[in-house]
1. Can you name every residue in segment 340-382 that is surrounded by 15 or more Cβ atoms within 10 Å (Cβ to Cβ), among the small types (Gly, Ala, Ser) and not in a loop (DSSP other than H, G, I, E, B)?
2. Go through (1) of a type in the set (Val, Ile, Thr); (2) without any contact (Cβ under 8 Å) to a residue 40 or more places away in the chain; (3) assigned by TED's automatic domain parsing to the domain that holds His172 one by one and return the number of the condition Ile195 breaks.
3. If I go through segment 148-169 residue by residue, how many of them are over 18 Å from Arg301 (Cβ atoms) and either within 16 Å of ligand 1 (Cβ to nearest atom) or of a type outside the set (Val, Ile, Thr) (or both)?
4. Scan segment 76-98 for residues that are touching a Leu at 6+ places or on another chain (Cβ under 9 Å), over 14 Å from Thr143 (Cα atoms) and free of Cβ contacts under 8 Å to residues at least 40 places away in the same chain and jot them down.
5. Anything in segment 185-218 that is among the β-branched types (Val, Ile, Thr), closer than 16 Å to Tyr355 by Cα and within 16 Å of ligand 2 (Cβ to nearest atom)? List them, or say none.
6. Could you tell me which residue of segment 176-200 is farthest from ligand 1 (Cβ to nearest atom), considering only residues that are assigned to a helix (DSSP H, G or I) and closer than 20 Å to Phe47 by Cα?
7. Tell me, which helices (runs of 4 or more DSSP H) wholly within segment 214-321 include 1 or more residues that are among the polar types (S, T, N, Q) and crowded, with 16+ Cβ neighbours inside 10 Å?
8. Which of (1) within 12 Å of ligand 1 (Cβ to nearest atom); (2) surrounded by fewer than 19 Cβ atoms within 10 Å (Cβ to Cβ); (3) in contact (Cβ under 8 Å) with a residue 40 or more places away in the chain; (4) polar (S, T, N, Q) does Thr7 not meet, given it meets every other one?
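The values are calculated or read from the model by the stated rules, or taken from the named source; none is laboratory data. Small disclaimer: the values here were computed from a predicted structure and weren't measured. As a convention, Cβ positions derive from the backbone with ideal geometry for all residues, glycine included, and neighbour counts pool all protein chains shown.
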Amino acid sequence: MESRTGTPVEGDNFFGREKELTYAWKRINTGNNLIFPSPRRVGKTSFALKLVEIAKQENWQVISINLEKITSEKAFIESFIEELKKSTAWGIIKEKGNKLFDLLKQIKPTYEHEGIKISLEWQSQKEDIYKQLADLLDHEKETLIFMDELTVLLSNIINQEDGHRNVSSFLHWMRELRIKSGSKIRWIFCSSVGIENFTHTHRISTTMNDMSDYFLKPFDNETSKAMLRKLAERDNLDLSFEIQEAIVQKLSFCLPYFLQIMFEKITYLFKVEELTLNTEIVEVAYKALINEKHFNTWDERIQEQYADLSNQAFVLLKHICQENQGSRRENLINVLSAQNQNPEEVESAVTHLLYMLKNDGYLMEENNLYLFRSPLLRDFWFNRFVK
Ligand SMILES: Nc1ncnc2c1ncn2[C@@H]1O[C@H](COP(=O)(O)OP(=O)(O)OP(=O)(O)O)[C@@H](O)[C@H]1O
Ligand SMILES: [Mg+2]
């Protein structure tokens, strides 16, 4: 097992989660579609890719598509066909698929709206195009369709002209495919910014109500230490039991990603900076990590996805990161009241934001107190926005 800090892990670099994989695969195999709504960096993509690997071993057809860089519905359909081309079914559907591809290519962008090219022709043919695309799918053949970063595409579409209507009909189109009676196609979605927040905010939750949530958890202490040992073994690093314990205690919320960056930092400090390999190195590594870029995406995603509420989200997080024991809801209402004089608006913003920030893995609630889920993230936040 090699250390990887960033890209999804595959093959031997994927550690643990055996029971979860067995369970999730069984759910898929017994007719369920799954969504992994867990917060950032929990390991969703890696987990989903593992399910894709299992599906292939079981001779399922697989369509895997990352929506992160896709900015329009037209681009989505093109990518979808490209992925279908790689699948075993292509031989049979080739003719229909190529016809649709040609049709899409003929549709020329006719005007630009906020940098995004939109075609009038596309709008008029859209319904037919989606119908043709649906016709390419063989519901008799066991197929796993994996879509990563669904919310990113949805957010892109919603920000374009007629966004709400387009997102809603897009999600309804997919839902129709999923609930088709007797279909052997199964779907898995990942979304690092809660899909639930998105559909709830835009009041289109019904379009996803056939999907089962599956929450991936952080690693427990024993699994965390086992992973650290496995990484250390590969690097010939003498990571004592005390150091393993110190890492787990320090992180307290052990996402595999946090374990990986901690391990990598300790390795660097030992091998390059020549620090002694003892429990103190854990403190030095931790301090270094909270000053680095690893959590920038947590900051950026709020700016991108929380729209009008992003400023207020920052105000709350800035307050909460200074209170190690957590903050009461009433305190948070007071904090926002300093900026907004309308009590009803403040109340509703706090309710909505706490719901979203919990869903997205920033916060947790314990005994009516709201606090950062991860001390590492809290200390990063403090360093970046308060100090
Ligand atoms: N099972 C695992 N074994 C080892 N490392 C893992 C595992 N899962 C995740 N990681 C670590 O976490 C990092 C992020 O994994 P991944 O991209 O799968 O997470 P994600 O939840 O999809 O993240 P994002 O929310 O940013 O899309 C990996 O680069 C790796 O360091
Ligand atoms: Mg991912």
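1. Within segment 340-382, Ala349 is the sole residue that qualifies.
2. The failed condition is (2).
3. Pass one, segment 148-169, residues over 18 Å from Arg301 (Cβ atoms): 160-169.
Imposing the further condition that a residue be either within 16 Å of ligand 1 (Cβ to nearest atom) or of a type outside the set (Val, Ile, Thr) (or both) reduces the set to 160-166, 168-169.
Qualifying residue count for the region: 9.
4. Scanning segment 76-98 gives Glu78, Ser79, Gly97.
5. Taking segment 185-218 and keeping what is among the β-branched types (Val, Ile, Thr), we get 185, 188, 193, 195, 199, 201, 204, 206-207.
With closer than 16 Å to Tyr355 by Cα added as a condition, the list becomes 193, 195, 199, 201.
Within segment 185-218, Val193, Ile195 qualify.
6. Residues of segment 176-200 that are assigned to a helix (DSSP H, G or I), as a first pass: 176-178, 195-200.
Retained after the next criterion (residues that are closer than 20 Å to Phe47 by Cα): 195-196.
On the way: Ile195: 12, Glu196: 15 Å.
Per the criteria, the residue is Glu196.
7. Numbers: elements: 221-234, 241-251, 256-271, 280-289, 296-305, 310-320.
In segment 214-321, the matching helices (runs of 4 or more DSSP H) lie at 221-234, 241-251, 256-271, 296-305, 310-320.
8. (3)
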